[in-house]
1. Going by Cα centres, segment 29-48 and segment 198-236 are how many Å apart?
2. Using a 10 Å cut-off on Cβ atoms, rank the peptides 281-290, 76-85 from the highest mean neighbour count down.
3. Mind listing the phi-derived Karplus ³J(HN,Hα) values for segment 305-311, rounded to whole Hz, using 6.51, -1.76 and 1.60 with θ = phi - 60°, and x for any glycine or proline?
4. In whole Å, how far is the Cα centre of segment 331-363 from that of segment 256-291?
5. Enumerate the amide H contacts of Cys286 below 5 Å, restricted to partners 5 or more residues apart or on another chain; note that Pro and chain-start residues carry no placed amide H.
6. Which residues' amide hydrogens lie under 5 Å from the amide hydrogen of Val251, considering only partners 5 or more residues apart or on another chain, with H built in the peptide plane?
7. Do any GluC sites (Glu not before Pro) in segment 1-74 lie in a DSSP loop with no more than 15 other beta carbon atoms within 10 Å, and if so, which?
8. How would Tyr126, Tyr58, Tyr208 line up from fewest to most surrounding beta-carbon atoms within 10 angstrom?
Amino acid sequence: MTAAAIPPGSTIGILGAGQLGRMTALAAAELGYRVAVLTPEDDAPASQVAALTIHADYTDEAALAHLARASDVVTLEFENVPAEAVSFLESLGKPVRPGSRVLAVAQDRVAEKDFVRSTGGGTVSYEAVDSLKALIPALERMGRPAVLKTRRLGYDGKGQRIIAHRDNPVAAWDGIGGKPAVLEGFVKFTREISVIVARGLDGTTRAYVPVENRHREHILAETIAPAPISRGLAEQAEALAARLANALELVGLLAVEMFVTDDGRILVNELAPRPHNSGHWTIDACLVSQFEQHVRAVCGLPLGSPERHADAAMTNLLGDDVNRWADFLKEPGARLHLYGKAEARKGRKMGHVTRLTPRTDRR
């Protein structure tokens, strides 16, 4: 343990109070920490298990100052909190992990791809498009089909439109709200994978095995751990994730979403500097879950082992799927996790189920 470690008994502040904050708070409690959350939402999932909830907008400086006074370190539940909120906390001398430098990369899809390429990582072809006038020639250079995405605030398929061969690019531009965007080329891939890597205050990194992610209507539906890829590709993906975390000088977790192309390359799709939906399986299948690992990292504790003791398949419960909770509880080998959300809406993540099977390899 380093001298800078924040010991158990301290309070971890979290910007955001959804299910990721909830599971982080539960992991923190097991290590003896309290959690304070700042959220604009009423009865948010993390508020139900936190020691303190501050109800306010993320840009409310009085509320941010309250969070700073109540906390020994602050972390993020999701990367789309306003950057000025993190900068304000830092200006008060409060450690925020990850900090504003990481957010500057993760909040902007163009900056993110530029960063990945600067470290030697591969991405799909892309161009920044800041106006409809710029979209038309960019599309001619890129070719169709292509994907138009807002540079900021997109997730779960929001803020993006596919432009196929006969599609009107004006409609696509209007569909994303006419905001600054990135145009991405299509790539043929065999599967989507992700790696979650932790980086500690001392620069140590620990990566979980790559997993395969399967989506339904642009929302993660199922994660398979480990991904059915070769040992060589798995090692390459883990090394890439660690290289990106080190280049960011990140403290915390980094989820790296990637494509495995038809010709065996790995291309980075997105970065998320926080616990990630594709890491939920680690709660039940690993010696140390992604949430405990995140707590360890931001508090300056030694990182734990990401070793898994079982293979796993994690299924998201989206919308009305949650109504089958009783069936999941009866199912042998199934582990049910519910997030405490009162209203089940279409596509809303209400919980997840993890099914464990004996480990099939020693990777």
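None of the figures in this text is laboratory data; all of them are computed from the coordinates on show. Given the structure is predicted, the values throughout are model-derived calculations rather than measurements. Every residue, glycine among them, receives a Cβ derived from its backbone with ideal geometry; neighbour counts consider all protein chains shown.
1. 27
2. Values: 281-290: 22.7, 76-85: 19.4.
So the order, starting with the most tightly packed, is 281-290, 76-85.
3. 7, x, 4, 9, 9, 7, 7
4. 16
5. Under 5 Å from the amide H of Cys286 lie the amide H atoms of His309, each far enough along the sequence or on another chain.
6. Here the answer is Gly99, since their amide H atoms fall under 5 Å of that of Val251.
7. Of the GluC sites (Glu not before Pro), the ones in loops of segment 1-74 whose Cβ has at most 15 other Cβ atoms within 10 Å are Glu41.
8. Tyr58, Tyr126, Tyr208
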